Each structure stands twice: as structure tokens, then as C-alpha cells.
Amino acid sequence: MSTNGKPRIAFFDFTGCEGCQLTVIDALQTYPELLDVVEIVEFREAMSEQAEAYDIAFVEGSCCRESDETRLHDIRERSVYVVALGACAHLGGVNAIRNRLDMDETRHYVYGDYAEWYESYEPRAIADVIDVDTAVPGCPIDRDEFVNMVKLFLQGRLPQPPDYPLCIECKLRENVCVYLRGQVCLGPITRAGCKAVCCEYGIGCEGCRGLISNPQIEPMRRVLAEHGMTEADMQTKLSLFLTNQLSALVLEEEAARV
């Protein structure tokens, strides 16, 4: 706690677009009363001040360089709670798509003759580097979910994102299934909590909130195939946000067969 008794909150950014932090700023304009009960002590998007310790550290962006690990461990040591903010920190995000490719080839494709100048390795979620207490999923995050999570922290509770499929949320909101509109959707295997906003506007879920804890991947692939998706189409659809999670599932299945 700070000297005024308010929880100290900090925001940090790694590799990402910083859209989740912009969503936080937008949320604080809608819910300015939050600033009466917390103290933001570090937030590069909005202030230049820094602090030595934090009650809650929100981390946006994926870990894409070995040097990022040192900084993440430092944040972890200074923080009571660490929260992955958004899909990049939570899952590795869109950045992880390049994990399907050869890293050296990718670096030379991007940087050309200057590839050796730039430090990079396979993008990963911050939970692959440090202990993370919880996450605010999404790309970008839902501002109301962020505010609700902060309120739960203030009540002394550790908030966790929903672990049931987006389809449940979609039905509760009485949306017409996008499959009936001729589109495909990853809702059956994706965490709810975003108000099914994409589906509500007639766009199939891309999986930005990550997999539920028991995703039925093979049935999902069969459904996608039945709706005209080729193997390449399915790989593209599933890997936009879920590359790292799907790779981890494959490794778990291989280990279970040994």
C-alpha cells in the first residue's frame, strides 16, 4: 500500500500494440472514481513517474527477447500480484504466429542484412517466464471486465476470467449463431467474458481470449471442415491467437502417449 492507504497499481508494456493500455485509459475516463481508491504509480502511456514496488502490476505485450525475461523477473519481485493484460501477455498473441516459422529465416525476412542487429526469440506469454496470478484476456481487453477485476482486487479477492465457452455467452445475449450466417467461429473452444462482441456484430470469434481448460479441438476442426475450410484455412484460423496454446496441447498429448 502507498502512504495514503491506496493500492499501488503499475502498468508495463512489452511487445504489442499497447491497445490494451489505451483501453485502460478509456475505462478510467468512464470510471474516474477508480482513481479515488487506487494510486497509479507507473504507467508509461500516461505519466513519467516510476515506483519501487507495486500491489498490482498489469503487464501488456508478449516476451519476445531474452532481455525481456530480466525485466519481467524484476517486475515479479516488486509486485504482490502480476496480471497478464490482453492476448499478447496472456497467450503470446498475434506475435506468436511466427513460432510456426524458422526464427532465423523470419528475422532475415524482416530485417534483411541487419538481422543480427536485433535481439529476438520465439514470442511467449509472460506466464511462460514468471508466475502470473491472473489475466484480463482479449485483443483488446474489455474495459468493463478490467474495471470489474480491479474492484474484485479491492475486495481482497483474486479475480479469474471465465472458463466456459463463448457460445454460452452468445446464447445468453440471444445472438444468431454466425454459422447460420455462413461464417465460421471459434466460440465453442474460446473463453467467454467479452460479451460476445464480435458475434453480436456478425463476425466469427477468432479466439483472442484463449482456450477454455478442456477444449475439444478435433471436433472443432471437424466442424470447420464441414463448413468448407481446408486444412490450411483451419491452421490460419486457429493460429491467429492460439499458436502457443495449441502447441502446448500437442506436447501434452505426446507426453501422455509415452
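Which residue, L186, A135, F11, has the largest displacement toward the positive end of the dipole of the chain when charges sit on each Cβ (Lys, Arg +1; Asp, Glu -1)?
L186
Sorting I9, I130 on the 10 Å Cβ count, fewest up front, what's the list?
So the ranking, lowest neighbour count to highest, is I130, I9.
DSSP beta bridges in the chain, what fraction antiparallel, as a percent rounded to 5? Spell out each step's value before the answer.
Working: 5 of 23 bridges.
That works out to approximately 20 percent antiparallel.
Please say if the stretch 11-92 is rounded, prolate or oblate, where rounded means a/c under 1.5 for a ≥ b ≥ c the square roots of the C-alpha gyration tensor eigenvalues, and otherwise the choice is prolate for a/b larger than b/c and oblate otherwise?
Values: a/c = 2.01, a/b = 1.34, b/c = 1.50.
Here the stretch 11-92 falls in the oblate category.
What net charge do the residues around L28 carry, taking every other residue with its C-beta under 14 Å from that of L28, with Lys and Arg at +1 and Asp and Glu at -1? Show your work: numbers first, answer last.
Details: positive: R143, K151; negative: D26, E33, D36, E39, E45, D144.
Counting the neighbours of L28, the net charge comes to -4.
Could you grab the relative contact order for the stretch 45-168? Cα pairs under 8 Å, six or more apart, rounded to a whole percent. Walk me through the intermediate numbers first.
Values: 169 pairs, mean separation 35.7, N = 124.
The normalised contact order for the stretch 45-168 reaches 29 percent.
What is the ratio of the Cα radius of gyration of the chain to 2.2 N^0.38 Å, where N is its residue count, to two decimals? Please report the intermediate quantities before stating the final value.
Working: Rg = 19.3 Å, N = 258, 2.2 N^0.38 = 18.1 Å.
In units of the globular-protein estimate, the chain measures up at 1.06.
What translational diffusion coefficient, in µm²/s and rounded to a whole number, does the Stokes-Einstein relation yield for the stretch 8-154 at 4 °C and a viscosity of 1.567 mPa s, taking the hydrodynamic radius as the Kirkwood radius over Cα pairs?
Values: Rh = 15.9 Å.
So the translational diffusion coefficient is about 82 µm²/s.
To the nearest 20 Debye, how big is the dipole of the chain about its Cα centre, given +1 on the beta carbon of each Lys and Arg and -1 on that of each Asp and Glu?
Working: 24 positive and 42 negative charges, 189 e Å.
Dipole magnitude for the chain comes out near 900 debye.
When ranked by the protection proxy of mean other Cβ atoms within 10 Å per residue, highest first, what sequence do the peptides 229-236, 168-175 form? Before the final figure, lay out each step's value.
Working: 229-236: 12.6, 168-175: 14.8.
So the peptides 229-236, 168-175, ranked by packing, come out 168-175, 229-236.
Going toward the positive end of the dipole of the stretch 8-154, with +1 on Lys and Arg Cβ and -1 on Asp and Glu Cβ, which of T23, I40, I75 do you reach last?
T23
I want the local charge near S67. Using Cβ-Cβ distances under 15 Å, sum +1 for each Lys or Arg and -1 for each Asp or Glu among the other residues. Spell out each step's value before the answer.
Values: positive: R65, R71, R124; negative: D13, E66, D68, E69, D74, E119, E122.
Cβ neighbours under 15 Å give a net charge of -4.
Rounding to the nearest 20 debye, state how big the charge dipole of the stretch 19-65 is about its Cα centre with +1 on each Lys and Arg Cβ and -1 on each Asp and Glu Cβ. Numbers along the way, then the final one.
Values: 2 positive and 10 negative charges, 62 e Å.
Taking the Cα centre of the stretch 19-65 as origin, the dipole is about 300 debye.
Does the stretch 172-247 come out rounded, prolate or oblate by the C-alpha gyration tensor, with a ≥ b ≥ c the root eigenvalues, rounded set by a/c under 1.5 and, if not, prolate when a/b is larger than b/c and oblate if not? Present the calculation step by step, with values, prior to reporting the outcome.
Details: a/c = 1.80, a/b = 1.19, b/c = 1.51.
Since a/c reaches 1.5 but b/c is at least a/b, the shape of the stretch 172-247 is classed as oblate.
Compute the convex hull volume of the Cα atoms of the stretch 175-215, divide it by the residue count, and report the result per residue in Å³ as a whole number.
Values: hull volume 2.5 nm³, N = 41.
Enclosed volume per residue, from the Cα hull, is 61 Å³.
Just give me a number: lysine pairs in the chain, eight or more positions apart or cross-chain, with C-alpha atoms less than 21 Å apart. Working shown, then result.
Values: K6/K151; K151/K195; K171/K195; K195/K237.
Lysine pair count for the chain: 4.
With runs of 4+ DSSP H residues as the only contributors, calculate the mean residue ellipticity of the chain at 222 nm using -39,500 (n - 2.57) per run, divided by the residue total and rounded to the nearest 500.
Details: 9 runs with 99 residues, N = 258.
Helices in the chain give a 222 nm mean residue ellipticity of -11500 deg cm²/dmol.
Give me the net charge of K151's neighbourhood, meaning all other residues with Cβ under 12 Å from the Cβ of K151; Lys, Arg count +1, Asp, Glu -1.
Details: positive: R157; negative: E33, D144, E145.
Residues close to K151 contribute a combined charge of -2.
Sorted by mean Cβ packing within 10 Å, highest first, what order do the peptides 110-121, 134-145 take?
Details: 110-121: 11.3, 134-145: 23.2.
Packing proxy ranking, top to bottom: 134-145, 110-121.
For V41, V223, V176, what ranking results if the residue with the fewest other Cβ atoms within 10 Å of its Cβ goes first?
On the way: V41 21, V223 17, V176 11.
Taking fewest neighbouring Cβ atoms as first place, the list is V176, V223, V41.
None of the figures in this text is laboratory data; all of them are computed from the coordinates on show. Since this is a predicted model, take the numbers as computed values, not measurements. Positions of Cβ are generated from backbone atoms using ideal geometry, with glycine treated the same way; all protein chains shown enter the neighbour counts.
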